[in-house]
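Have a look at the structure below, then the notes.
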Amino acid sequence: MKFSRLFINGIIIFIGIGLYFLLIETLGLADQIYLRLLNFIFVIYGVNRTIRSNYHDGINGYLTNLLAGFLTGMVSLVLGIFAFMIYIESLGGDFTKFKNSYIFGGEPSLYQFCFGLFIEGAASSMIISFAMMQYWKDKVEKINTVD
């Protein structure tokens, strides 16, 4: 498992999601939950890129590649949460428009909100990594039976 690959693909996911959210914020569409849910496309792209590259380099272990995909997602998640905190602080600490989408409900502090984002992001990273592994497992099995 190449850690540089994990970080590069995690940064690619982070940049894609960051630009996407800045675009929908600029267009005034940040309150549309369905548009905010589309960020999984960037995660799928980055995790798939990591796993595909691993298979092309001969790294075939299921758990190794599952962990690589998960860590790629986690790199982007940690970068995204820190960027979100910086963004909120640059707005003067007011994140009331984001509180409506808090997973646990109530009136969270910024740190509680970021913890909720971390839980959501970790779960989605694991689910996407597992789905990509199922996709690539079938591909690799077909390639290995042809050889």
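The values are calculated or read from the model by the stated rules, or taken from the named source; none is laboratory data. Quick caveat, the model's predicted, so the values are computed rather than measured. FYI the Cβ positions are ideal-geometry reconstructions off the backbone, even for glycines, and counts take in every protein chain you see. Note: accessible area is taken over every heavy atom of the protein model, side chains too, but ligands, DNA and RNA are not part of it. Shrake-Rupley method; radii C 1.70, N 1.55, O 1.52, S 1.80 Å.
Values for this structure:
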quantity: Heavy-atom accessible area ranking, 1.4 Å probe, most first, across Ser129, Ser124, Ser4; calculated: Ser4, Ser124, Ser129
quantity: Cα long-axis angle, helix 110-146 against the chain (0 to 90 degrees, to the nearest 10); calculated: 20
quantity: The chain - percent relative contact order, Cα under 8 Å, separation 6 or more; calculated: 31
quantity: Residues Leu38 and Lys139, FRET efficiency given R0 of 22 Å [Cβ-Cβ distance, rounded to 0.05]; calculated: 0.30
quantity: Cα gyration tensor category, rounded, prolate or oblate, for the range 13-93 with a/c compared to 1.5; calculated: prolate
quantity: Within the accessible area of the chain (1.4 Å probe), percent carbon and sulfur; calculated: 68
quantity: Rh by Kirkwood over Cα pairs, then Stokes-Einstein D for the range 1-42 at 1.002 mPa s and 20 °C, µm²/s; calculated: 192
quantity: For the chain: rounded, prolate or oblate by the Cα gyration tensor [a/c cutoff 1.5]; calculated: prolate
quantity: Solvent-accessible area per residue, Å², over the chain with all protein chains present [probe radius 1.4 Å]; calculated: 60
quantity: Rounded, prolate or oblate (a/c below 1.5 giving rounded, otherwise prolate when a/b exceeds b/c) for the range 54-102 by Cα gyration tensor; calculated: prolate
quantity: For Ile44, solvent-accessible area (1.4 Å; no DNA, RNA or ligand), Å²; calculated: 60
